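Read the structure below first, then the notes.
Values in this text are rule-based calculations from the coordinates and carry no lab data. Computed from a predicted structure; not experimentally measured. So basically every Cβ, Gly included, is an ideal-geometry build from the backbone, and we count neighbours across all protein chains shown.
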Amino acid sequence: METLYMEYKIIKNRPGLLGDLASLLGLLQINIKTIASIENYYRGLLLEIKEPEVKERLLNALGAVKELELTGLRTPQLEDFLALKHGKKVSSRFKEDSYLFSRQDLELLIDFLSFYIIDNEEIMIGIKGNPRIGKTETAIAAAVHSNKHWKLLSTTLLRQTTLTSVPENILNSKTVFIIDAITTFRRASADHVRFIRDFLNKPLLKIIEHPEFLIRETDVSYKDFDLLVELTEDINDDSDDRLDNYMYSISSFE
């Protein structure tokens, strides 16, 4: 039994289209496990296929249906499961392998981050985004959703926090450590900066807010991050300056 994710774009949403598709799948003895509308124009289905050759017959049959355009038939990935659950696609910027999320889609982002945190004992995640958009709250929620503890090493969430040590008993894969690179490298003491520089080399779960500043101030590069995400007010804003315009105006953070 093979599980596949099928996605199609609706070209003409005529009455009975979904019913006809379900009938076709039934004739091919394909079991529908999940079906969901995705962003109004797409539908996603999680299918169970008993024999490999059924996939080819399905492709041939769908090629004759003019009311829809097949956009995916593959082994399901993380993004596919999230699309089925939330009805939205995870958007990639294709720049430094980062993913883009609107502030309206925080639940989707939290789920997305949680999968990476749950499945790894050592990972470094970068979260880009303008001030006060919800990066710290999202990092904490992802840790909680992953059934992990969380520790703020540097932040301005409620008040400025810049730690210079942490208990040895929490230095393990059960804790997610959150670092605000702007707070660390623009506001903190030399002792805190030394602590963070050393901490970055530890094999732990780390979420870095404002990774641009970490890269500017250390030997870390974008390639060292296992995952990069951006949190923005408007996912349709294609301006290259929307995240970088504050990097040269540090006073805006005061």
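Structure notes:
- Largest first and in whole Å, the equivalent-ellipsoid semi-axes of region 90-253 read 23, 20, 14, each the square root of five times a Cα gyration tensor eigenvalue.
- Our estimate of slack between Leu24 and Glu53, defined as 0.36 nm per intervening residue step minus the Cα-Cα distance, is 8.9 nm.
- Helix-only mean residue ellipticity at 222 nm for the chain, each DSSP H run of n ≥ 4 adding -39500 (n - 2.57), per residue, nearest 500: -9000 deg cm²/dmol
- Choice from Ala188, Ala83, Ala64 showing the highest fluctuation, given a GNM over the chain with Cα pairs closer than 10 Å: Ala64
- Net charge of the neighbourhood of Glu69, taken over other residues with C-beta under 12 Å away and scored Lys/Arg +1, Asp/Glu -1, is +2.
- Cα gyration tensor category, rounded, prolate or oblate, for region 9-92 with a/c compared to 1.5: oblate
- Relative exposure of Asp234, Asp105, judged by other C-beta atoms within 10 Å (fewest first): Asp234, Asp105
- FRET efficiency estimate (nearest 0.05) - Cβ-Cβ, Leu78 to Asn31, R0 22 angstrom: 0.50
- Once the chain from Lys223 to Ala190 is taken as fully extended at 0.36 nm per residue, the excess over their C-alpha distance is 9.2 nm.
- Gained length - Thr71 relative to Lys9, 0.36 nm times residue gap less alpha-carbon distance: 21.7 nm
- Between 0 and 90°, nearest 10: helix 106-119 axis offset from the chain longest Cα axis: 80
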